[in-house]
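See structure below.
The values are calculated or read from the model by the stated rules, or taken from the named source; none is laboratory data. What you see is a predicted model; the values in this text were computed from it and never measured. Here the Cβ is made from the backbone with ideal geometry for all residues, glycine too, and neighbour counts use every protein chain on show. Just so you know, the surface numbers come from the protein's heavy atoms only, side chains and all, with ligands and any DNA or RNA stripped out. Shrake-Rupley method; radii C 1.70, N 1.55, O 1.52, S 1.80 Å.
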Amino acid sequence: MQNHLQNASLGRQLYHMTWPMLFGVLSLMTFQLTDSAFVGQLGRDPLAALGFTVPMQQLVSGMYVGLGIATTAIISRTLGQGDELRAQRLGGLVIAIGAGLAFTLCLSVWLLQSLILDLLGAEQALRPVIREYWAPWLLSAWTGAMVYFSYAVCRANGDTRLPGYMMITTSLLNIALDPLYIFVFDWGLPGAAWATITAFGIGALIVYPLLFKRQWLRFDLLQLQLSQAARQLGGIMAPAMVSQLMPPLSAMLATALVAGFGSAAVAAWGLGTRLEFFSIVVVLALTMSMPPMIGRMLGAGEIEKIRKLVRIAVRFIVVWQLAIGLIWLAASGFVSGLFSRDADVQEILFNYLLRVPLSYSGLGVCILMVSVNNALGMPMRALLISTLRLFACYLPLLWVGGQMSGLTGLMSGALVGNLLAGAMAYSLYRQGMGRLRQQA
């Protein structure tokens with residue numbers, strides 16, 4: 001009975017930490033889609049310029065998400081050990097390091113833009129449009145990074161509501177400002193970036209004063225052992241950054257495999273991957289809400305509570321994502337007709353929805369295990385899971401399936417690869433947890 005009550009209590013804590021992140025992530029997805037829709041009305045060249053910005057956006061976001069993961073892991077663990085003063089100084093250190101790294105990266109992209117555009121194969125006719133957009137876009141990327149770091153400090157201190165509410169607020173503000181800046185003020189494509197700068201800037205002006213008011217930030221950094229603290233952050237941040245950059249690389253390689261079956265296959269695969277992103281939004285919310293809980297428990301030496309928490313989350317993901325997969329299976333005919341009028345695209349998307357969504361439970365477990373291992377202070381194990389998932393499970397089985405049974409086999413390979421990756425990830429987590437228990 002006591003064990004049941006403990007599990008119920010952990011489940012409630014997890015729910016209250018997760019739901020704000022769920023709505024926050026959904027709002028960010030909505031604003032990004034709306035942004036693309038408004039830019040699409042400007043014509044083909046501005047939309048193409050936006051497309052060439054995506055790889056650089058992934059590079060910048062990989063940096064600040066990596067630092068955010070390290071922030072949550074280290075500050076929450078420090079709080080679990082009862083050292084609030086050090087946690088406050090670590091928050092200040094994160095903001096200082098993050099501001100410098102984001103500025104250096106954005107400045108480097110600006111200075112190397114000609115080389116980058118050559119490597120990306122951008123046409124000369126598009127270069128003026130891209131250059132006009134990249135100056136405000138890089139400023140918006142730096143502003144977004146600064147807001148993200150403030151959210152990471154909030155989550156590390158156990159508050160997911162403030163970042164969740166602010167993600168919703170800034171997204172709605174961005175959506176409202178887009179048509180004003182792009183069309184009414186006639187700023188065109190740069191107007192989309194200025195709308196983002198305004199929204200994130202207002203978000204920062206709200207969040208940072210609250211961080212100081214709650215005493216979650218201190219900048220008397222000389223009182224810290226700076227080299228040791230920086231090594232702590234870097235030890236988690238570097239592998240986490242590499243993990244963040246792997247999915248876009250994998251997506252490029254998977255698209256290259258699919259491209260061998262024609263443009264209709266690429267179109268259907270692209271639609272399927274967008275639906276996948278929305279299908280795993282609950283998993284993405286859990287990857288933001290669980291690390292601060294795990295960090296505090298780890299700092300307090302509560303290993304068994306961590307095991308119970310992870311077990312609750314994994315069981316929920318398996319059931320939830322299986323239900324999502326069955327919904328897509330039942331609605332496959334309707335959905336394929338809704339998203340495309342092309343008969344070939346409809347048929348391929350129909351086959352995709354019959355197979356791939358049934359593996360979202362394995363994919364969800366794998367994504368969560370990467371986040372959990374980072375929170376447990378095992379970033380190299382998290383990186384190993386990401387690497388094995390993509391380059392030992394997913395991509396090889398895509399290729400094998402495609403060679404054996406064409407496009408249908410490739411999709412079946414995705415199904416098997418995701419399920420295999422989930423089982424592999426959970427096994428590696430259990431091995432790491434076993435070592436932690438022995439050390440404890």
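For the reader, a short list of remarks on this structure follows.
- Matching residues, segment 108-167, being over 27 Å from residue 186 (Cα atoms), among the polar types (S, T, N, Q) and free of Cβ contacts under 8 Å to residues at least 40 places away in the same chain: 108
- Note on segment 123-159: among residues that are among the polar types (S, T, N, Q) and under 19 Å from residue 192 (Cβ atoms), the one that is surrounded by the most Cβ atoms within 10 Å (Cβ to Cβ) is 140.
- One residue stands out among those in segment 259-271 that are in a helix (DSSP H, G or I) and touching a Leu at 6+ places or on another chain (Cβ under 6 Å): the one that is surrounded by the fewest Cβ atoms within 10 Å (Cβ to Cβ), which is 271.
- Residues being open to solvent by 40 Å² or more (accessible area, probe 1.4 Å) and either without any contact (Cβ under 8 Å) to a residue 24 or more places away in the chain or of a type in the set (Gly, Ala, Ser) (or both) - total across segment 184-200: 4
- Residue satisfying condition, being touching a Lys or Arg at 6+ places or on another chain (Cβ under 8 Å), at pLDDT 90 or above and within 20 Å of residue 10 (Cβ to Cβ), within set 294, 312, 303: 303
- Note on segment 201-230: residues that are touching a residue at least 40 places away in the same chain (Cβ under 8 Å), in a loop (DSSP other than H, G, I, E, B) and open to solvent by 40 Å² or more (accessible area, probe 1.4 Å) total 6.
- Residue list for segment 425-440, restricted to those being open to solvent by 30 Å² or more (accessible area, probe 1.4 Å) and either aromatic (Phe, Trp, Tyr) or in contact with a Pro (Cβ under 6 Å, 6 or more places away or on another chain) (or both): 426
- Among the residues of segment 272-316, those that are among the aliphatic types (A, V, I, L, M) and more than 26 Å from residue 358 (Cβ to Cβ) comprise 293, 294, 297, 298, 300, 303, 306, 309.
- Breaking point among (1) over 27 Å from residue 233 (Cα atoms); (2) touching a helix residue (DSSP H, G or I) at 6+ places or on another chain (Cβ under 6 Å); (3) open to solvent by 50 Å² or more (accessible area, probe 1.4 Å); (4) in a helix (DSSP H, G or I), for residue 256: (2)
- When restricted to residues that are of a type in the set (Gly, Ala, Ser) and open to solvent by less than 30 Å² (accessible area, probe 1.4 Å), segment 44-60 contains 1.
- Filter pass, residue 12 being farther than 30 Å from residue 182 by Cα and open to solvent by 50 Å² or more (accessible area, probe 1.4 Å): yes
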